[in-house]
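Report on one structure; see the data block that follows.
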Amino acid sequence: MRGSLRAGERVLLVDNKRRRHLVTLAAGAKFHTHAGIVEHDQVIGQADGASVRTGAGARYVALRPTLAEVILEMPRGAQVIYPKDLAAIGMLADIYPGARVLEAGVGSGALSMALLRAGAQVVGYEIRPDFAARAEKNVAALAGSGLIGSSPAAYRVEERDAYEGIGEFDLDRVILDLPEPWRVVGHAEVALRPGGILLAYLPSITQVSQLREALSISGFAMAETLEVLQRTWHIEGRSVRPDHRMVAHTGFLTHARLLADHQGEQGCGSAGDGDRTNSHPEPR
Ligand code: SAH
């Protein structure tokens, strides 16, 4: 979205310590901070990136949030996939405009947003009705603010268990963020078109082993597993060095391609041993 900041849209107010607050602009409303009040009317009509001051003189910069900022600030039911991983998923799963993508589970909808932003048509499977509703709400809010550019028809969430099967055919991509993706490999073989890509996000390497084993006896080939490390730097005068702290681990990304001459349901995998969880470390 371009032009001046309008009533009804979400903006990020950032203070001089880079603390961020996501607020929805409304005429006459006030944003209370420890350093005084920002009147929304001071912000409405300003350019993206304008500075405003509280009555007490503290400076805030008002910015339209990026997709990454919305994802980190939005209300979450489940943990979201971190932006560094979302960016990598876009390339590794080769998401393109019009791609037919099945995503499971949907969680808070962060991955859905990244897929829609890249122009995909997304069907999401989510086992928990409360999460499915939350994701749909989060995505609708984003579509309303023009941040993902897709039509509502590009997104559909179904309350269902991905381990039971996939009710879609001729999919281009299957993207999994659930505890036992090996139980979806056989279903994905049937639902994907030849040359399609399966990608799974997994927090623990024992889960990755089990997935890779299932992939190795399936119609998928060229499997690869990797992690994305993001290290920021402190740059101030002559103090130029990596930051002391970083997010050391979020999840592993595994992707593979479906060959044309596979046999169907083999490599489906069986029920897991029950103690594997998708408990994601904070933050994701
Ligand atoms: N990728 C999401 C986070 C997903 S968290 C995001 O970026 O926001 C994992 C989700 O998988 C949870 O919401 C959980 O309810 C769902 N889930 C777990 N098992 C499932 C299954 N068998 N079928 C569908 N969804 C499942």
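Read-outs: derived from the displayed coordinates by stated rules, not from any lab. The structure displayed is predicted, hence computed values, not measured ones. Here the Cβ is made from the backbone with ideal geometry for all residues, glycine too, and neighbour counts use every protein chain on show.
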Among 161, 261, 177, which comes first, then next, by fewest other beta-carbon atoms within 10 Å? 261, 161, 177
Distance between Cα centroids, the stretch 114-181 to the stretch 185-222: provide it in whole Å. 19
Under the Karplus relation with 6.51, -1.76 and 1.60 and θ = phi - 60°, whole-Hz ³J(HN,Hα) for the stretch 244-252, x at Gly and Pro, equal 5, 10, 8, 7, 6, 8, 10, x, 9
Can you list the lysines whose alpha carbon sits under 28 Å from that of residue 137, skipping same-chain ones fewer than 8 residues off? 30, 84
Under a point spin-label approximation (7 Å from Cα along Cα-to-Cβ), what is the residue 159-residue 1 distance to one decimal in nm? 3.1
Could you work out the helix-only [θ] at 222 nm for the chain, with each DSSP H run of four or more residues adding -39,500 (n - 2.57) and the total divided by the number of residues, to the nearest 500 deg cm²/dmol? -6500 deg cm²/dmol
Distance between modelled label sites at residue 239 and residue 20, nm, 7 Å Cα→Cβ extension: 2.3
Within 15 Å, Cβ to Cβ, of residue 257, how many net charges do the neighbouring residues add up to if Lys/Arg are +1 and Asp/Glu are -1? -2
If you average 1/r across every pair of different Cα atoms in the stretch 10-65 and take the reciprocal, what Kirkwood value do you get, in Å? 10.9
Once fully extended, how much extra length lies between residue 66 and residue 128, figured as 0.36 nm per residue of separation less the alpha-carbon to alpha-carbon distance? 19.5 nm
Just want the ordering: 233, 182, from fewest to most Cβ atoms lying within 10 Å of their own Cβ. 233, 182
Counting Lys and Arg as +1 and Asp and Glu as -1 over every other residue whose Cβ sits under 12 Å from the Cβ of residue 36, the net charge comes to +1
Least to most buried among 9, 73 (fewest other Cβ within 10 Å first): 73, 9
Once amide hydrogens are built 1.01 Å from N within the peptide plane, the residues lying 5 or more places from residue 155 or on another chain with amide H under 5 Å from its amide H are 122
Show me, bin by bin at 10 Å from 0, the whole-percent P(r) of the chain based on Cα pairs. 6, 26, 30, 21, 12, 5, 1, 0
